[in-house]
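A short write-up of the structure that comes next.
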């Protein structure tokens, strides 16, 4: 029987084939067994809201497969995507640890499997498994470094074209597939969401992508974006 | 607490004189104070530079430390500020990654420095400190989100 959303569902962490590649999940058997005992596995379609900025922390979500966008709102109500969470990340950890409202909202951008752990259970799990504490600290450190990279881009880039070029180059490095014509990217974000990643408007993103296309730096076909001019993008970037 | 002052402009005081930094519990302060070496930093002095491997952690006891980010063209901007109770270099020591930014004293500051090996040794001896590490890192992440919100607000 096909699984919902064509996802390869893994209900048992102990049997997960990718566990060793994941920063948080790569723990010894006693901790993984304990984790299995407190988590609830669920599958979510694209566009599911996991938690909302300002909401009291209910617990953490371990992203097993799929991706989610983490967003925050400025005082003016403008939305900023602070991160696209990848498989293996623990979402909502800082709010859950501090016992303060979620600082960001989390929404799936593709069908995803998530393991939810209630706040009390997660805190008990950390308390009884030092390894889990260490792995959570490593994961939080990674998040902090990623947030600092975003701050650098938002704070130092001189133009919006530069911010967009930086974003495309990051995608090339992280998710790009090298082909004879250039680096191929599968873009799951709308122009509006790309705008929210670099702190600009949807209209500006559409105009800049058209400019890049006209200059033969990129080519776009549906959700596939081919970067043909990485050198040209590099030349635009100062951060 | 061992004491070394880099400049006559800064007076290094013991914890009992400065009061407890707000983000650290008394237990953590006691554990850290046994190992830390107090250092005074006059305004503008550099604690560490972007790209350097972390030598250890800096517990800020007083003053404010600018975290400066550099562009390829050499343009540098202070985008985050750390103050008493925060620990600089913590994420780098935990992850083994180099510093993402440079740190310079915005005002005369006093820090307690703990070498990386001694700090990780302390965590092995007193694993209960990991909980405070998680809280501190979570607070640091929240500061970054605050900064991003303000940059978005100002930059559009």
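Any read-out appearing in this document is the output of simple, stated calculations on the displayed coordinates, not a laboratory observation. None of these values were measured; they are calculated from a predicted model. In this analysis, Cβ positions are derived from the backbone assuming ideal geometry, glycine residues included, and neighbour counts consider all displayed protein chains.
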Give me the extension gain from residue A:100 to residue A:192: residue separation times 0.36 nm, minus the current Cα-Cα distance, reported in nm with one decimal. 30.2 nm
0 to 90° range, to nearest 10: angle between helix A:119-128 axis and chain A longest Cα axis: 70 degrees
Angle between the Cα long axis of helix A:130-156 and the longest principal axis of chain A, 0 to 90 degrees, nearest 10? 20 degrees
Restricting to Cα pairs below 8 Å that are 6+ residues apart, what does the relative contact order work out to for the stretch A:158-236? Please round to a whole percent. 35 percent
For a Förster distance of 41 Å, can you work out the FRET efficiency between the beta-carbons of residue B:25 and residue A:73, rounded to the nearest 0.05? 0.80
What whole number of Å gives the distance from the Cα centroid of the stretch B:113-127 to the Cα centroid of the stretch A:97-166? 25 Å
Projected area averaged over all directions for the convex hull of the alpha carbon atoms of chain A, nm², comes out at 14.2 nm²
Percent of Cα-Cα distances greater than 22 Å, calculated over the stretch B:20-156: 36 percent
Report, in degrees rounded to the nearest 10, the 0 to 90 angle that the Cα long axis of helix A:202-214 makes with the longest principal axis of chain A. 60 degrees
Nearest 0.05, what FRET efficiency do residue A:210 and residue A:86 give at R0 = 25 Å with Cβ-Cβ as r? 0.30
How much length, in nm to one decimal, is gained on full extension between residue B:83 and residue B:107, taken as 0.36 nm per residue of separation minus their Cα-Cα distance? 7.6 nm
For residue A:29 and residue A:224, FRET efficiency with R0 = 56 Å and r from the beta-carbon atoms, rounded to 0.05? 0.85
Return, ordered by residue number, the residues of the stretch A:113-156 whose backbone nitrogen is under 15 Å from a label point located 7 Å along Cα→Cβ of residue A:40. A:114-122
Residue-averaged 222 nm ellipticity for chain A, from DSSP H runs of 4+ at -39500 (n - 2.57), nearest 500: -12500 deg cm²/dmol
Taking a crude spin-label model, label points 7 Å out from Cα along the C-beta direction, the residue B:126 to residue B:72 distance in nm is 4.5 nm
Spacing of the two label points (7 Å from each Cα toward its C-beta) at residue B:117 and residue A:131, in nm: 2.7 nm
Once you keep just the Cα pairs under 8 angstrom separated by 6 or more residues, what percentage relative contact order results for the stretch A:4-155? 31 percent
Among A:54, A:155, A:199, which one shows the highest mean-square fluctuation when chain A is modelled as a Gaussian network with alpha-carbon springs under 10 Å? A:155
Label model pair residue A:159, residue A:202: point-to-point distance (7 angstrom along the Cα→beta-carbon line) in nm is 2.5 nm
